[in-house]
Amino acid sequence: MARRIVIAGNWKMNKTVSEAVELAKAVVAKAGEAPASVDLVIAPTFVCLTEVAKVLAGSRVSLAAQDLHWEESGAFTGKISAAMLVSAGVKYVIIGHSEQRQFFGETDETVNKKVKQALKHGLLPIVCIGELLAEREAGQTDAINERQLKGAYAGVSADDAKKSVVAYEPVWAIGTGKVATTEQAQEAQAFIRKVLVDLYGSEVAEIIPIQYGGSMKPDNAQGLLAQKDIDGGLIGGAALKAEDFIGIAKGA
Ligand code: PGA
């Protein structure tokens, strides 16, 4: 079975409802320019999900959320449950983004709980991992990625793991304009694939798409996406312009 190519736009804390609707419409209008084999995904903020879902209905673009909470419901002020996301038309959910880890107390353990909760409700997790610059410089890149990956997938069955996507995002490349070289990205992602083989065997590991994320742009996407273990992208800044987002997908 061939791996899917998943190009996902992480809009982060950008766009009001009307702006999000406008951008979603522009993405849908251009979606036909991307190769048919590519899965296109956009992740607006929670408040925009239901309106953006209406724009995406009947199109090839799927809806993602940027996070979820691991409990079913109850006294968790400010949090959003898996069932709420499903009811809003969400298909994918980004989990463990480095900004969540850095600023909002996300740990390998909470990532794991969220991954399990997403899968329980039929949401497809996009599991983010990646090393800090200091960790890369200390030669810990592989160790960090292995720890985060094994933490995220602890207790997750092979059948469930097949539904997930991994996003390798070296933290030093996010929003900095400093993209990883194709060699750096491929090397890290080949290692990540090896850890998936350890966890689930090669058949499952071959199915799970591994995205690259961090300053991906139309002019560097093609080189990255040509690598054997780079099966898509998680795109921040460049996803805020439909032309750039689809331009990246065209590189696949
Ligand atoms: P960037 O963000 O493309 O703006 O570097 C990527 C991400 O954080 O997902």
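The values are calculated or read from the model by the stated rules, or taken from the named source; none is laboratory data. Quantities reported herein were computed from a predicted structural model and do not represent experimental measurements. Neighbour counts run over all protein chains shown; Cβ positions are idealised from the backbone, glycine included.
Of note:
- Candidate set from the range 242-252 (those that are within 12 Å of the ligand (Cβ to nearest atom) and of a type outside the set (Asp, Glu)); member that is surrounded by the most Cβ atoms within 10 Å (Cβ to Cβ): PHE245
- Enumeration of residues in the range 88-115 that are of a type in the set (Val, Ile, Thr) and either surrounded by fewer than 19 Cβ atoms within 10 Å (Cβ to Cβ) or away from the ligand (no atom under 16 Å from the Cβ) (or both): VAL90, THR107, THR110, VAL115
- Extreme residue, farthest from the ligand (Cβ to nearest atom), among residues of the range 152-179 that are at pLDDT 95 or above and charged (D, E, K, R): ASP159
- Criterion violated by ALA2 - all others in (1) out of contact with any Ser or Thr (no Cβ under 9 Å at 6 or more places or on another chain); (2) over 26 Å from ILE174 (Cα atoms) satisfied: (1)
- Listed by first and then second residue, the pairs with beta-carbon distance under 7 Å, at least 6 apart or on different chains, first residue in the range 175-192 and at positive phi, second of a type outside the set (S, T, N, Q), are GLY175/GLY236; GLY175/GLY237.
- In the set (1) away from the ligand (no atom under 16 Å from the Cβ); (2) under 18 Å from ALA8 (Cα atoms), the condition left unmet by SER215 is number (1).
- The C-beta contact set for the range 49-68 (first residue surrounded by 15 or more Cβ atoms within 10 Å (Cβ to Cβ) and at pLDDT below 95, second residue of a type outside the set (Lys, Arg) and not in a helix (DSSP H, G or I), distance under 8 angstrom, 6+ apart or interchain) is empty.
- Which listed residue is away from the ligand (no atom under 16 Å from the Cβ) and farther than 30 Å from GLY32 by Cβ, from LEU85, LEU149, LEU133: LEU149
- Residues of the range 116-159 that are surrounded by fewer than 22 Cβ atoms within 10 Å (Cβ to Cβ) and of a type in the set (Val, Ile, Thr): THR141, ILE144, VAL156.
Table: residues versus (1) more than 16 Å from the ligand (Cβ to nearest atom); (2) surrounded by fewer than 16 Cβ atoms within 10 Å (Cβ to Cβ); (3) within 19 Å of VAL90 (Cβ to Cβ).
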{"residue": "VAL6", "(1), (2), (3)": "no, no, yes"}
{"residue": "ASN10", "(1), (2), (3)": "no, no, yes"}
{"residue": "LEU23", "(1), (2), (3)": "no, no, yes"}
{"residue": "VAL28", "(1), (2), (3)": "yes, no, yes"}
{"residue": "ALA31", "(1), (2), (3)": "yes, no, yes"}
{"residue": "PRO35", "(1), (2), (3)": "yes, yes, no"}
{"residue": "VAL38", "(1), (2), (3)": "yes, no, no"}
{"residue": "ILE42", "(1), (2), (3)": "no, no, yes"}
